[in-house]
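**Q** Can you read through this structure? Questions will come right after.
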Amino acid sequence: MRTASAGGNARGRWSTDDLMPDLFAGPYVDLEPSLAFVLDDGDRAVGYVVGTADTAAFVRHWRREWLPRLADRYPAPPVPPRTAEQAMVALLHRPEGMLRPELAAYPAHLHIDLLPTHQGAGHGRALIDTFRAAAARAGAAALHLGVDPANHRARAFYDHLGFTEIAVPDPGVTYLGLPTS
């Protein structure tokens, strides 16, 4: 939550502070534990990278295993959503939105978060490298991620690591890709 608003603190932004973790961390830890990595400083978790090597299979597991656990907590929003929170909850109910034809060459995807106090020290690169190697071992030739266009610091970080922009028509997300080897 402390980095879930374009890199800034999102605590108190939604009706529950569980929404972002329920969308962007929990399903990966639960459904793909072999691709979930945590960075700790000896006392607490200060960052993580989670993801999947096969987005299409992950979407099927999400619909079959993750959505039923949370559907009562987050009722399906109207189509189209009328609020920002409804748009977020729509991601839970419509995981097929992760399947974009433009991303087919990048079957793996990830989410990474690192507390600001631990950014700029090489930890983000280490987390990405760890995930990248694990995704390659799992058979993915390339990976992608989505970044909020307003998160300029994250975008500069990804550019520095060699990510390239993938043309996907979505004004709310910039998609970036990277080979796994």
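**Q** With respect to VAL38, determine if the residue is at pLDDT 95 or above, assigned to a strand (DSSP E or B) and either within 17 Å of the chain's Cα centre (by Cα) or not aliphatic (A, V, I, L, M) (or both).
**A** Working: at pLDDT 95 or above: yes; assigned to a strand (DSSP E or B): yes; either within 17 Å of the chain's Cα centre (by Cα) or not aliphatic (A, V, I, L, M) (or both): yes.
Against the criterion (at pLDDT 95 or above, assigned to a strand (DSSP E or B) and either within 17 Å of the chain's Cα centre (by Cα) or not aliphatic (A, V, I, L, M) (or both)), VAL38 qualifies.
**Q** Look through region 124-164, keep the residues that are in a helix (DSSP H, G or I) and in contact with a Lys or Arg (Cβ under 9 Å, 6 or more places away or on another chain), and return whichever of them is least open to solvent (accessible area, probe 1.4 Å).
**A** Filtering region 124-164 for residues in a helix (DSSP H, G or I) gives 124-137, 152-161.
Next, from what is left, pick out any that are in contact with a Lys or Arg (Cβ under 9 Å, 6 or more places away or on another chain): 157, 160-161.
Working: PHE157: 65, HIS160: 138, LEU161: 25 Å².
Residue satisfying both the conditions and the ranking: LEU161.
**Q** Also, quick follow-up: Restricting to region 78-105, and then to whatever is within 14 Å of the chain's Cα centre (by Cα) and surrounded by 12 or more Cβ atoms within 10 Å (Cβ to Cβ), can you tell me which residue is nearest to VAL59 (Cα to Cα)? Full working, then the answer.
**A** The first filter runs over region 78-105 and keeps only residues within 14 Å of the chain's Cα centre (by Cα), leaving 88, 91-92, 95, 97-99.
In the following step, the residues that additionally are surrounded by 12 or more Cβ atoms within 10 Å (Cβ to Cβ) were identified as 88, 91-92, 95, 98-99.
Values: MET88: 16, LEU91: 11, LEU92: 10, PRO95: 6, MET98: 7, LEU99: 8 Å.
My answer is PRO95.
**Q** Let me ask something additional. Restricting to region 38-53, name every residue that is touching a residue at least 24 places away in the same chain (Cβ under 8 Å), touching a strand residue (DSSP E or B) at 6+ places or on another chain (Cβ under 7 Å) and more than 15 Å from PRO21 (Cα to Cα).
**A** Selection gives LEU39, THR52, ALA53.
**Q** Within region 54-72, which residues are part of a helix (DSSP H, G or I) and without any contact (Cβ under 8 Å) to a residue 24 or more places away in the chain?
**A** ALA57, ARG60, ARG64, PRO68, ARG69
**Q** Looking at region 165-180, which of its residues are surrounded by fewer than 14 Cβ atoms within 10 Å (Cβ to Cβ) and either of a type in the set (Lys, Arg) or outside any loop (DSSP other than H, G, I, E, B) (or both)?
**A** So the first thing to find is which residues in region 165-180 are surrounded by fewer than 14 Cβ atoms within 10 Å (Cβ to Cβ), and the list is 165, 167, 169-173.
GLU165, the sole residue that qualifies.
**Q** At positive phi and either in a loop (DSSP other than H, G, I, E, B) or modelled with pLDDT of 95 or more (or both): does that describe GLY120?
**A** Yes.
Residue-wise test of (1) among the hydrophobic types (A, V, I, L, M, F, W, C); (2) within 15 Å of the chain's Cα centre (by Cα).
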{"position": "LEU114", "(1), (2)": "yes, yes"}
{"position": "ALA121", "(1), (2)": "yes, no"}
{"position": "ARG125", "(1), (2)": "no, no"}
{"position": "ILE128", "(1), (2)": "yes, yes"}
{"position": "ALA150", "(1), (2)": "yes, no"}
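**Q** Continuing with the same structure: Tell me the residue from ALA142, ALA104 that is at pLDDT 95 or above and either within 26 Å of GLY47 (Cα to Cα) or among the basic types (Lys, Arg) (or both), please.
**A** ALA142
**Q** Here's another thing I want to ask about it. When you check PRO33 against the structure, is it open to solvent by 20 Å² or more (accessible area, probe 1.4 Å), modelled with pLDDT of 95 or more, more than 22 Å from HIS118 (Cα to Cα) and not β-branched (Val, Ile, Thr), yes or no?
**A** Details: open to solvent by 20 Å² or more (accessible area, probe 1.4 Å): yes; modelled with pLDDT of 95 or more: yes; more than 22 Å from HIS118 (Cα to Cα): yes; not β-branched (Val, Ile, Thr): yes.
So PRO33 fits the description; yes.
The values are calculated or read from the model by the stated rules, or taken from the named source; none is laboratory data. Computed from a predicted structure; not experimentally measured. Positions of Cβ are generated from backbone atoms using ideal geometry, with glycine treated the same way; all protein chains shown enter the neighbour counts. Each accessible area value is taken on the protein alone, full model and side chains, heavy atoms only, with ligands, DNA and RNA left out. Shrake-Rupley method; radii C 1.70, N 1.55, O 1.52, S 1.80 Å.
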